[in-house]
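Asks: Pasting in a structure now, in structure tokens, and then I'll have a few things to ask.
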Amino acid sequence: MKPVAKPGKTGALMPVEVALARLLEMAEAAPIVEHEHLPLAQVQGRVLSEDLFSTLDLPPWPNSAMDGYALNLGQWNGQPLSVSQKVFAGQSPQPLKPGTCARIFTGAPVPAGADCVEMQENAEVEADGKVRFLEPMKAGQNIRPQGQETTVGELILPAGTRLGPIEQGLAASLGCAGLKVVRRVRVAVVSTGDELVEPGQALGPGQIYNSNRVLLCSWLQRLGCEVIDAGILPDDLATTRARLGELQDVDLILSTGGVSVGEADFLGIALREEGELALWKLAIKPGKPLTVGHFRCVPVIGLPGNPASTLVTFALLARPYLLRRQGVREVEPLKFTVPAGFAWPVAGNRREYLRGRLEQGRATVYRNQSSGVLRSAVWADGLVEVVEGRTLSEGDEVAFIPLSDLLG
Ligand code: AMP
Ligand code: MG
């Protein structure tokens, strides 16, 4: 890993795009280079490690897009034609006998010599079995030409492609039984704080349930990571160092909490003493403090502990970092503008990611945007991005990032 950037001047906030660019640079300096060959059915959520080229023309031969009749329009005299053969999908036709047509079904190869398929709805079989064509026809109609989708040697999926059902389907159509994928990135999830208790246990005075742990573990799994659930770290330096020391074979330690430059920032102390620490103050809300560094040789990202802050900083910073470590090029989420269904009269100095929804095409936001309120994100179906220094009137364009894109 390259040395992490020094924190900015006291008081100066780091813009989100600067933080992202630095994290991506760090990710590129520590790529996951190992790969494995997996059966096609098992590559879901993984990242392709080498370019996939087509070894086939798709379709391999011209085929019919309709159930109907194949004929040679160029030589047709306008009279009804007798049917000289029947071609179903999966069969290999004879060349078309001159002066006849072929009965043909969807997906069947078009006989050599035919240049047009007419759908059966536009044809009539006469008493003598000849076929009368009822509508004007055009050469090439209803024929899917050879190689319309891919041709031999064409780059189909570049290395770094994230694989899902659609990519799996395309690879299958090219006959790939398996693919080479990047090894899963191993992420240790660490929650910090003496106040945390796991669900299922009784809450004592001053205690809260640990919500970030399951949130991050589940999310990381959706991103194709191998998750090492490292539990809760108490606010204690010796334990923090010992427990971090047990996580030496992971690609990233992802922690939450303990980054607010408070006295209980034992993670920061441990990093400073046994690795490298940068505390970034980000122009982001919810969020702001972010720990970036490493413990011994293991990269560490420390997200703020409030659940909505954890969510937003993971979505916008840690997620792209993890994808880039696996070689993914397109790491930024889908973002589009919609009219604001709310006013934002006072400009902030941090970029706000409001938990919001689209209602009648307008972005509306949850009534309570506190960084401690995770319910806002359950209500929401996206993050509404209000950049620093910006005010909004209702109806002004505002950026919207769907949660569905961030979660996958
Ligand atoms: P900290 O950065 O440790 O000061 O935490 C900021 C806030 O987030 C505090 O209110 C913590 O109790 C809360 N918090 C930290 N970690 C978690 C967690 N894993 N689950 C739920 N809340 C948390
Ligand atoms: Mg804490």
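The values are calculated or read from the model by the stated rules, or taken from the named source; none is laboratory data. A quick note: this is a predicted structure, and the numbers were derived from the prediction, not measured. Glycine gets a Cβ as well: all are built from the backbone with ideal geometry, and neighbour counts include every protein chain shown.
Asks: Mind checking whether some residue in segment 147-162 is among the hydroxyl-bearing types (Ser, Thr, Tyr) and assigned by TED's automatic domain parsing to the domain that holds VAL250?
Replies: Filtering segment 147-162 for residues among the hydroxyl-bearing types (Ser, Thr, Tyr) gives 150-151, 161.
Restricting the remaining residues to those that are assigned by TED's automatic domain parsing to the domain that holds VAL250 gives none.
No.
Asks: I'd like the residue in segment 289-306 that is of a type in the set (A, V, I, L, M, F, W, C) and more than 19 Å from PRO15 (Cβ to Cβ) and, out of all such residues, is farthest from ligand 1 (Cβ to nearest atom).
Replies: The extreme case among them is CYS297.
Asks: Please work out which residue is nearest to GLY408 (Cα to Cα), limiting yourself to segment 376-396 and to residues that are β-branched (Val, Ile, Thr) and not in a strand (DSSP E or B). Quick ask: steps written out before the conclusion?
Replies: Our first condition is that a residue be β-branched (Val, Ile, Thr); within segment 376-396, this holds for 378, 384, 386-387, 391.
Still in the running and not in a strand (DSSP E or B): 378, 387, 391.
Working: VAL378: 16, VAL387: 24, THR391: 31 Å.
Among residues in segment 376-396 that are β-branched (Val, Ile, Thr) and not in a strand (DSSP E or B), the one nearest to GLY408 (Cα to Cα) is VAL378.
Asks: Take the residues in segment 196-219 that are polar (S, T, N, Q) and not in a loop (DSSP other than H, G, I, E, B); name whichever of them is farthest from ligand 2 (Cβ to nearest atom).
Replies: Out of the qualifying residues, it is SER218.
Asks: If you scan segment 296-313, which residues turn out to be of a type outside the set (D, E, K, R), more than 17 Å from LEU279 (Cβ to Cβ) and surrounded by fewer than 24 Cβ atoms within 10 Å (Cβ to Cβ)?
Replies: Answer for segment 296-313, where residues must be of a type outside the set (D, E, K, R), more than 17 Å from LEU279 (Cβ to Cβ) and surrounded by fewer than 24 Cβ atoms within 10 Å (Cβ to Cβ): CYS297, VAL298, PRO307.
Asks: State all residues of segment 345-363 that are within 29 Å of ASN210 (Cα to Cα) and either in the same structural domain as LEU317 (by TED's automatic domain parsing) or surrounded by fewer than 18 Cβ atoms within 10 Å (Cβ to Cβ) (or both); if no residue qualifies, say none. Give the derivation first.
Replies: Start the filter on segment 345-363 by keeping residues that are within 29 Å of ASN210 (Cα to Cα), which leaves 350-357.
Hit for segment 345-363 is ARG357, nothing else.
Asks: Which condition does ALA102 not pass, out of (1) touching a Pro at 6+ places or on another chain (Cβ under 8 Å); (2) more than 16 Å from ALA139 (Cα to Cα); (3) in a strand (DSSP E or B), if it passes all the others?
Replies: Answer for ALA102: the failing condition is (2).
Asks: Turning to a different aspect of this structure: Test SER84 against the criterion of being part of a strand (DSSP E or B) and over 37 Å from the mean Cα position of the chain (by Cα), and give yes or no.
Replies: So SER84 passes the test.
Asks: Now a separate question. I need a count of the residues in segment 97-106 that are in contact with a Lys or Arg (Cβ under 9 Å, 6 or more places away or on another chain) and surrounded by fewer than 19 Cβ atoms within 10 Å (Cβ to Cβ).
Replies: Residues that pass the stated criteria total 1.
Asks: Provide a single number: the residues in segment 234-258 that are of a type in the set (A, V, I, L, M), surrounded by fewer than 24 Cβ atoms within 10 Å (Cβ to Cβ) and within 16 Å of ligand 2 (Cβ to nearest atom).
Replies: 1
Asks: Then there's this: Quick one: in segment 178-195, of everything that is touching a residue at least 40 places away in the same chain (Cβ under 8 Å) and within 16 Å of ligand 2 (Cβ to nearest atom), which residue is farthest from the chain's Cα centre (by Cα)?
Replies: Residues of segment 178-195 that are touching a residue at least 40 places away in the same chain (Cβ under 8 Å), as a first pass: 178-194.
Among the residues that remain, those that are also within 16 Å of ligand 2 (Cβ to nearest atom) are: 189-194.
Numbers: VAL189: 21, VAL190: 24, SER191: 25, THR192: 29, GLY193: 31, ASP194: 35 Å.
It comes out as ASP194.
Asks: Okay, moving on. Working carefully through the options GLY245, GLY302, GLY275, GLY287, find the one that is in contact with a Phe, Trp or Tyr (Cβ under 6 Å, 6 or more places away or on another chain) and either closer than 15 Å to ALA19 by Cβ or at pLDDT 95 or above (or both). Can you show your working first?
Replies: Numbers: GLY245 fails: in contact with a Phe, Trp or Tyr (Cβ under 6 Å, 6 or more places away or on another chain); GLY302 fails: in contact with a Phe, Trp or Tyr (Cβ under 6 Å, 6 or more places away or on another chain); GLY287 fails: in contact with a Phe, Trp or Tyr (Cβ under 6 Å, 6 or more places away or on another chain).
After applying the criteria, what remains is GLY275.
Asks: Please determine whether any residue of segment 315-326 is within 27 Å of ARG186 (Cβ to Cβ), within 16 Å of ligand 2 (Cβ to nearest atom) and surrounded by 24 or more Cβ atoms within 10 Å (Cβ to Cβ).
Replies: Restricting attention to segment 315-326, the residues satisfying the condition of being within 27 Å of ARG186 (Cβ to Cβ) are 315-326.
Right, trim to within 16 Å of ligand 2 (Cβ to nearest atom) and you get none.
No, the conditions are met nowhere in segment 315-326.
Asks: Further, regarding this structure: Give LEU316, LEU279 a once-over and let me know the one that is within 15 Å of ligand 1 (Cβ to nearest atom) and either assigned to a helix (DSSP H, G or I) or not assigned by TED's automatic domain parsing to the domain that holds SER371 (or both).
Replies: Exactly one residue qualifies, and that residue is LEU279.
Asks: Kindly indicate which of VAL83, VAL125, VAL131, VAL110 is touching a Lys or Arg at 6+ places or on another chain (Cβ under 7 Å) and not assigned by TED's automatic domain parsing to the domain that holds LEU170.
Replies: Result of the check over VAL83, VAL125, VAL131, VAL110: VAL83.
Asks: Anything in segment 166-197 that is closer than 26 Å to LEU311 by Cα and surrounded by fewer than 20 Cβ atoms within 10 Å (Cβ to Cβ)? List them, or say none.
Replies: Passing the criteria: ARG183, ARG186, GLY193, ASP194, GLU195, VAL197.
Asks: Would you confirm whether or not segment 269-276 contains a residue that is within 16 Å of ligand 2 (Cβ to nearest atom), buried (at least 23 other Cβ atoms within 10 Å of the Cβ), assigned to a helix (DSSP H, G or I) and in the same structural domain as SER211 (by TED's automatic domain parsing)?
Replies: Checking segment 269-276: at least one residue is within 16 Å of ligand 2 (Cβ to nearest atom), buried (at least 23 other Cβ atoms within 10 Å of the Cβ), assigned to a helix (DSSP H, G or I) and in the same structural domain as SER211 (by TED's automatic domain parsing).
Asks: Of the numbered conditions (1) part of a loop (DSSP other than H, G, I, E, B); (2) assigned by TED's automatic domain parsing to the domain that holds SER191; (3) touching a Pro at 6+ places or on another chain (Cβ under 9 Å), VAL331 satisfies every one except a single condition; which is it?
Replies: Exception for VAL331: condition (2).
Asks: So ARG324 passes all but one of these: (1) among the basic types (Lys, Arg); (2) touching a Ser or Thr at 6+ places or on another chain (Cβ under 9 Å); (3) assigned to a helix (DSSP H, G or I). Which condition number does it fail?
Replies: (2)
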